[in-house]
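Please read the structure below before turning to the comments.
The values are calculated or read from the model by the stated rules, or taken from the named source; none is laboratory data. Source: prediction; values computed, not measured. Cβ coordinates were reconstructed from backbone atoms using ideal geometry, including for glycine residues, and neighbour counts include every protein chain displayed.
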Amino acid sequence: MAKDFDSMEDSNRSGNASIHELSDPARRLVIQGGLGLASAALFGSLAGCAATATGSSPAKLGFKAVPPGTTDALVVPDGYVADVIAAWGEPIGVAGNMPPFREDASNTAAEQAVQMGMHHDGIHFYPLAGSSTHGLLVMNHEYTDDGLLHPDGLKTWDAGKVKKAQAAHGVSVIEVALRDGRWQMVRPSRYARRHTAATPFTLQGPAAGHALMKTAADPDGRTVLGTLNNCASGQTPWGTYLSGEENWAFYFDGGDKLTPDQQRWGLRKTGSQSWAPHDERFDAARHPNEFHRFGWVVEIDPMDPAATPVKRTALGRAAHEGAWVAVTKDGRAVVYSGEDARFEYIYKFVSRDRIAPGGARANAQLLDHGTLYVARFDADGTGRWLPLVHGQGPLTPANGFADQGEVLIKTRQASDLLGATRMDRPEWLAIDPKSGEVYCTLTNNSARGAAGQPGVDAANPRANNTMGQIIRWREGGDFDAASFSWNHLVLAGDPANERAEARGNIKGDIFGCPDGLAFDTRGVLWIQTDAHATQMYKGEFARIGNNQMLACDVSTGEVRRFLTGPTNCEITGCTFSPDLTTMFVNVQHPGETPNDRSDPAEPGKYSRWPDFKPGGRPRSATVVVRRKDGGVIGA
Ligand code: FEO
Ligand code: CA
Ligand code: CA
């Protein structure tokens, strides 16, 4: 996530009074009801469920920790190897159309549209025929560094550059296989495709066809061109891929007269990308409803190249980091999500219907019907899920909500009225396959406690929170419960920091700014970090080093450093082969500059990873991690 987005992540000026008080963050969870811990009924009954438990032995960390990263290199523990595949610009493998990456960034927009996008993020492995050596990788391309994307950077914007930037956003589907001892892309592949900022998406759910979704180009309000700022990802039990649209608001130009609604969503007079002058739908003064058509969770069926991807409006509009699925005892889907912005919220959606056997096609409407809730974390260690249902409580026409579609389009304002808890930038979530507890990274929030900003509360207990924390909760009975109990797994930081609020309480290796989060099927929690280049230069991260990936045994709380990334990268996105002998990890924006825009005259100023060619560009890429002895990763 880019710095100039960070500076705008304070759009929640709702004025919700904090109802919380600081409390002991390390207290134990109060166990409510009978969750049915790790029961097969919860996790094991649906074919392909990503959260299937694989045994009852406690998770163990069996590798030797690596030191903090200080060089332009990716480092894994002794006994492990890491290979790079699918870097930005590699042809994805469309038959007859596989243009090679050009080091000088002179690939055209049309070429970029059949190459790997930029800034890899959330990723999932979809086995073919259950294989651990052959499958599809689906991954997000969150944003672009236009200093690297074009031969002359951003001396000027023009329509061609906008088209290329749009083609470098979105989602990739590629086929990969372990051949001759090395994972590689399978090219050509009948599965290979890109979804970009120009690909048609169908709108479904209560806001589809709503008056606020209709535009000149789409008078029905049911088809949107493109997905933007796809950050984190989730895998559904029915075999599809969920992706969150995060910082889309900053791609629009708002003009001189911003409405309160537009201001609440962070729209500015001029967007960060200068797309609007060359693609007028991003001019929100001329096309105000196009702004409503982003901020959704999108669903993609990796196995069906002909399927039209869908924006699921029932899950609410937000700066969605991503979306993660749990299953109730009776087989309904519960989708957790958060929005990564200062003082924004955590959500869950409970489907009306049960997951049907038959995969993606049988569940094509599952996420269109159900109830969306927003979380309130109370100071006593319990919490409530507050329903975002039109006509209930303050969500009435008198308060600006004509119908359920408008509640969903204005999810933030509805959550403001319900008194939900304003969090420290919720990033990834993960569901423990053993306990059913739900974990969420709250990456940081340096505005917490600042003048005119919300103060600390129990869930967000530190002012000037530069380090972040991981919160977790246990639902009060089943995943559809109205209440939960919660505590913090850890407050991140460095015990040597001169600021007491930045020291944290980590048991093990130090880190800051947790972002990516994933459980493997053994129940090991993998934590990935995203401290920005500007934070590195401040010195608070001098001992923490480059962004990294750590493993946590949640039964003991021990955190152990597993991987460190190259200079100024972010480590984000993690997925495994079913047998856990291969881990795929994304390395985003190696060499990111403090202002997020590289100088094309010196593209390798901070990093030249992974190619290390003289004068070459750093490239986001997927890293494949394996053990030399072929064993289980992390064990
Ligand atoms: Fe795209 Fe919130 O990181
Ligand atoms: Ca982040
Ligand atoms: Ca993130």
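Summary table below
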item	result
Residue tally, condition surrounded by fewer than 16 Cβ atoms within 10 Å (Cβ to Cβ) and free of Cβ contacts under 8 Å to residues at least 40 places away in the same chain, over region 86-118	3
Failed criterion for residue 559 (all others in (1) modelled with pLDDT of 95 or more; (2) in a loop (DSSP other than H, G, I, E, B) hold)	(2)
Filter result for the condition that a residue is within 23 Å of the chain's Cα centre (by Cα) and more than 16 Å from ligand 2 (Cβ to nearest atom), over 129, 95, 168, 177	168
Among the residues listed as 558, 570, the single one being on the phi < 0 side of the Ramachandran plot and surrounded by fewer than 24 Cβ atoms within 10 Å (Cβ to Cβ)	558
Set 536, 549: member being under 20 Å from residue 66 (Cα atoms), without any contact (Cβ under 8 Å) to a residue 40 or more places away in the chain and under 19 Å from the mean Cα position of the chain (by Cα)	549
Given (1) within 16 Å of ligand 2 (Cβ to nearest atom); (2) under 25 Å from residue 565 (Cβ atoms), index of the condition residue 495 fails	(1)
So residue 331, is it in contact with a Phe, Trp or Tyr (Cβ under 7 Å, 6 or more places away or on another chain) and either within 16 Å of ligand 1 (Cβ to nearest atom) or on the phi > 0 side of the Ramachandran plot (or both)	no
Filter pass, residue 200 being at pLDDT 95 or above and either in contact with a Pro (Cβ under 7 Å, 6 or more places away or on another chain) or within 20 Å of residue 315 (Cβ to Cβ) (or both)	yes
Given (1) modelled with pLDDT of 95 or more; (2) under 25 Å from residue 66 (Cα atoms), number of the condition residue 433 does not satisfy	(2)
Unique match (being touching a Lys or Arg at 6+ places or on another chain (Cβ under 6 Å) and away from ligand 2 (no atom under 14 Å from the Cβ)) among 539, 545, 523	523
Qualifying residue in region 581-589 (condition: touching a residue at least 24 places away in the same chain (Cβ under 8 Å), away from ligand 2 (no atom under 16 Å from the Cβ) and assigned to a loop (DSSP other than H, G, I, E, B))	yes
Residues of region 86-136 that turn out to be more than 16 Å from ligand 1 (Cβ to nearest atom), more than 21 Å from residue 304 (Cβ to Cβ) and not in a loop (DSSP other than H, G, I, E, B), as a count	6
Selected residue (only one of 299, 321, 344 is away from ligand 1 (no atom under 16 Å from the Cβ), acidic (Asp, Glu) and either over 30 Å from residue 271 (Cα atoms) or surrounded by 20 or more Cβ atoms within 10 Å (Cβ to Cβ) (or both))	299
Residue list for region 530-569, restricted to those being more than 18 Å from residue 78 (Cα to Cα) and among the basic types (Lys, Arg)	538, 543
Residue count, region 527-547 (criterion: more than 16 Å from ligand 1 (Cβ to nearest atom) and either of a type in the set (Lys, Arg) or within 19 Å of residue 61 (Cβ to Cβ) (or both))	2
Hits in region 552-574 - residues which are over 18 Å from residue 62 (Cα atoms) and touching a residue at least 60 places away in the same chain (Cβ under 8 Å)	565, 566, 567, 570, 572, 573, 574
Close pairs (7 angstrom Cβ cut-off, 6 or more residues apart or separate chains): part of a loop (DSSP other than H, G, I, E, B) in region 436-455, aromatic (Phe, Trp, Tyr) and more than 16 Å from ligand 1 (Cβ to nearest atom) anywhere	437/473
Flag if residue 272 is surrounded by fewer than 24 Cβ atoms within 10 Å (Cβ to Cβ) and within 16 Å of ligand 1 (Cβ to nearest atom)	yes
Filter result for residue 178 (surrounded by 18 or more Cβ atoms within 10 Å (Cβ to Cβ), within 16 Å of ligand 3 (Cβ to nearest atom) and among the aliphatic types (A, V, I, L, M))	no
Region 187-204 - residue that is under 27 Å from residue 334 (Cβ atoms) and surrounded by fewer than 24 Cβ atoms within 10 Å (Cβ to Cβ) and, of those, nearest to ligand 3 (Cβ to nearest atom)	201
Residues of region 218-245 classified as assigned to a strand (DSSP E or B) and away from ligand 2 (no atom under 16 Å from the Cβ), total	7
Region 252-280 residues that are part of a loop (DSSP other than H, G, I, E, B), paired with ones that are among the hydroxyl-bearing types (Ser, Thr, Tyr) and buried (at least 22 other Cβ atoms within 10 Å of the Cβ) (beta carbon under 8 Å, 6 or more apart)	271/251; 272/251; 273/251; 275/251
Failed item in (1) in a loop (DSSP other than H, G, I, E, B); (2) hydroxyl-bearing (Ser, Thr, Tyr); (3) within 16 Å of ligand 1 (Cβ to nearest atom), with residue 521 passing the rest	(3)
Any hit, region 213-232, residues being crowded, with 20+ Cβ neighbours inside 10 Å, closer than 15 Å to residue 316 by Cβ and away from ligand 1 (no atom under 16 Å from the Cβ)	yes
Pairs where the first residue, in region 501-520, is within 16 Å of ligand 3 (Cβ to nearest atom) and the second is acidic (Asp, Glu) and in a loop (DSSP other than H, G, I, E, B), C-beta under 6 Å, 6+ apart	513/530; 515/530
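Conditions tested, residue by residue: (1) in a strand (DSSP E or B); (2) among the charged types (D, E, K, R); (3) at positive phi; (4) buried (at least 20 other Cβ atoms within 10 Å of the Cβ).
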position	(1), (2), (3), (4)
462	no, yes, no, yes
473	yes, no, no, yes
478	no, yes, no, yes
495	no, no, no, no
516	yes, no, no, yes
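Listed here are the residues, each with its yes/no results for (1) away from ligand 3 (no atom under 16 Å from the Cβ); (2) under 25 Å from residue 382 (Cα atoms).
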position: 458; (1), (2): yes, yes
position: 492; (1), (2): no, yes
position: 529; (1), (2): no, no
position: 539; (1), (2): yes, no
position: 547; (1), (2): no, no
